[in-house]
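I have placed the structure first, in the form of structure tokens, so that the comments after it can refer back to it.
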Amino acid sequence: MNFCRMENRNYAVDECSEENASRIVIGMLRETRLKRVLPVRFRYVDDRIFAEYDITGLQPLARLYERQPLKAADIENVIDSIYKANAELEENLLRPSDLLLSPEYIFRQADGGEYLFCCRIEKSMEEDPYKDLMKFFMDHVDYGDKESVGLAYSAVKAAEGIEAPIKMFALIKDEPHVEEESGPMAEELFEKIPTVRKKRGFFHRKQTKKAFLLPEEYAPPAAKPAGVAERFVTKPLEKKLMQLAYRLVPEKNENAQIIEIGVFPFVIGSMREGVDCVLAGEGISRLHAKMEKGDEGISVEDLNSSNGTYVNGEAIFGKGKVMLSDGDHITFAGSEYRLEIYGRI
């Protein structure tokens, strides 16, 4: 899947050969407007087919929880959206495996709402469609919240076979679902999971000593052994070196303030939460752009904004991280700034 900007709209583009294309999926997406599948148009170039999904102003699941943990309600929202999307597919004689369930291709508005999906236009392959999503749950779940951990673990266990959407949906409706399993490593895994009386998910029994085993790739982050202190190595004080500092200076707008970039990544948008700089200019998206600093220097990336991010007059959506130099002009929608890189001790 690639990303591009055309006609002032942002698209996620899925490409495949005519030989591998699923005619059923293409026909359904052409003739039927599904509520939970993103608007799509098709382009044919030689023997290639391009499905272009309009994602303007939406954010992928992977980005929404890049800086915050998944709570139980967040996981419930994802599962509920998947279940409803699958029900809609089945009404049109399509299969759950036709959905792209990677966290990078599940979208919604930055401030909430149901998730929307892309369909795989290649013929369904014999792979686990939930693998990437379940790994995302385990990597981003709030391990300090018992309910969230329980639901995430139960979702991983339920995401097996063609009935996975039904089994996962049962988790969030407090219906009978996953049976617990035991094994030679069950006690070791159970120590990593808090116990509590809970109807939902993994904790639907009181203080049990059984636990299902998870594949290695879903294992939770390793906890530090109790009583082991971190080692700190002291070094002689060195002469202070000059560091680089970064700021955005407004152009053509005397009333706009200088934006000091003090942390990385540095997210710019109109939301009050989830950004480092609230930019109130006309046409600014909730999550508009992100600036990062790496070994090669500072970069900017458009976050699927509705009105685009431009570097020296060129739109950058779909180009990933664009490296910046001192004096470059960056435009967020209609708000233009000049990047200043200067030294300080």
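The figures follow:
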| read-out | value |
| --- | --- |
| For segment 71-182, accessible area per residue (1.4 Å probe, heavy atoms of protein chains only), Å² | 44 Å² |
| Sequence-distant residues sharing a close amide H with residue 247 (under 5 Å, placed H) | 261, 340 |
| Three semi-axes of the equivalent ellipsoid, segment 257-330, Cα gyration tensor, whole Å, largest first | 18, 15, 12 |
| Order of exposure, largest accessible area first, which applies to 31, 163 with probe 1.4 Å | 31, 163 |
| Segment 94-172, accessible surface, carbon-and-sulfur percent (1.4 angstrom probe) | 48 percent |
| Extension gain from residue 15 to residue 92, taking 0.36 nm per residue of separation minus the Cα-Cα distance | 25.5 nm |
| Derived scalar couplings ³J(HN,Hα) [segment 71-76; Karplus, 6.51 cos²θ - 1.76 cosθ + 1.60; whole Hz; x for Gly, Pro] | 8, 4, 4, 5, 5, 4 |
| 130, 83, ranked by accessible area, largest first (probe 1.4 Å) | 83, 130 |
| Viscosity 1.002 mPa s, 20 °C: Kirkwood-radius Stokes-Einstein D of segment 127-178 over Cα pairs, µm²/s | 190 µm²/s |
| Shape call, segment 1-57: gyration tensor on alpha carbons, a/c limit 1.5 | oblate |
| Nonlocal amide H pairs with residue 122, under 5 Å, H built at 1.01 Å | 22 |
| Heavy atoms of residue 276 accessible to a 1.4 Å probe, total area in Å² rounded to 10 | 60 Å² |
| Solvent exposure, largest accessible area first (probe 1.4 Å, DNA, RNA and ligands not counted), of 32, 331 | 32, 331 |
| Per-selection Kirkwood Rh - segment 40-180 (Cα, Å, 1 d.p.) | 15.9 Å |
| Mean-position separation - Cα centroids, segment 1-53 and segment 307-345, in angstrom | 30 Å |
| Whole-percent carbon and sulfur share, accessible surface of segment 280-345, 1.4 Å | 41 percent |
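The values are calculated or read from the model by the stated rules, or taken from the named source; none is laboratory data. Quick caveat: nothing in here was measured; it's all calculated off a predicted structure. The area values use the complete protein model at the heavy-atom level, side chains included, leaving out ligands, DNA and RNA. Shrake-Rupley method; radii C 1.70, N 1.55, O 1.52, S 1.80 Å.
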